[in-house]
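Engineer: For reference, the structure I am asking about is given below.
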Amino acid sequence: MNVAGHAENDAEHPGDDAEHAGDELTVTDPVSAPDAEGRPRRTTRRFPLFTRDTARPEGGGRAAASDAPAPARQWPILAVLSAVGLGLLLTALDVFRFGTILIGVALLAGAVMRWTLPSVGMLAVRSRFTDMLTYGVLGGAIVLLALMAQPNPWLEIPFLDDTLHFTVR
């Protein structure tokens, strides 16, 4: 087994170790990305022992054509951040409930965009499922807590009130 753990390459090409002793591994499968000369880098579908770069998340491409200006290429993250910024401004101006609901709705909109759009630019952080779950759970929790905030909550959940009184006593 050679340094990267690819024993099948040794079986296919015996004696190549001396020829390629100082070279990077080459790739023959269609999954790998080519190097600077256009040759594939890995000879197997196994993951390398050491990661040399980071893969772009699924859907992490530009959200608009490459000839569009930079803000237009990243419109999904700009829309979410603008709505969150407006929500924070409303919260700072003492419109707490509307501001926090707007923040939660912005995150829920980010989850919907991550689900429906093929490319969302920098809104894609990890896998599509992980991003949707994270944005959705955080957005839903923020909206739920904003609706339940005191004084005069817009949403009352009786068992939560009983739980709070039971634990505080």
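Read-outs: derived from the displayed coordinates by stated rules, not from any lab. Predicted model only: the values in this text are computed from it and were never measured. No Cβ is skipped: glycine too gets one built from the backbone with ideal geometry, and neighbour counts run over all protein chains shown.
Engineer: Please list, in order along the range 89-94, the HN-Hα scalar couplings obtained from phi with the Karplus expression 6.51 cos²θ - 1.76 cosθ + 1.60 (θ = phi - 60°), rounded to whole Hz, x for Gly and Pro.
Structural biologist: 5, 4, 5, 5, 8, 6
Engineer: Full extension from LEU81 to ASP67: what is 0.36 nm times the residue separation minus their Cα-Cα distance, to one decimal in nm?
Structural biologist: Between LEU81 and ASP67, full extension yields 2.7 nm more.
Engineer: Oh, and also: Order the peptides 111-117, 69-75, 155-161 from the highest to the lowest mean number of other Cβ atoms within 10 Å of their residues.
Structural biologist: 111-117, 69-75, 155-161
Engineer: Could you give me the ³J(HN,Hα) list for the range 123-128, computed from phi with Karplus coefficients 6.51, -1.76, 1.60 and θ = phi - 60°, whole Hz, x at Gly and Pro?
Structural biologist: Per residue, the Karplus-derived 3J(HN,Hα) values read 5, 7, 10, 10, 5, 4 Hz.
Engineer: Would you mind calculating the gained length between SER127 and PHE96 on full extension (0.36 nm times residue separation, minus the Cα-Cα distance), in nm to one decimal?
Structural biologist: Computed gain between SER127 and PHE96 is 7.9 nm.
Engineer: What distance in nm separates the two pseudo spin-label positions at THR116 and MET148, each 7 Å out from Cα along the beta-carbon direction?
Structural biologist: 2.9 nm
Engineer: Along the range 72-84, what does the Karplus equation 6.51 cos²θ - 1.76 cosθ + 1.60 (θ = phi - 60°) give for ³J(HN,Hα), rounded to whole Hz, x for Gly and Pro?
Structural biologist: Karplus-based 3J(HN,Hα) across the range 72-84 equals 5, 6, 10, 4, x, 5, 5, 5, 5, 5, 5, 5, 5 Hz.
Engineer: Let me ask something additional. Under 1.5 on a/c is rounded, so check that first for the range 97-169, then, if it is not, pick prolate when a/b is larger than b/c and oblate when it is not; a ≥ b ≥ c are the square roots of the alpha carbon gyration tensor eigenvalues.
Structural biologist: prolate
Engineer: Before anything else, pin down the relative contact order of the range 110-153: Cα pairs under 8 Å, at least 6 apart, normalised by residue count, whole percent.
Structural biologist: For the range 110-153, the relative contact order is 36 percent.
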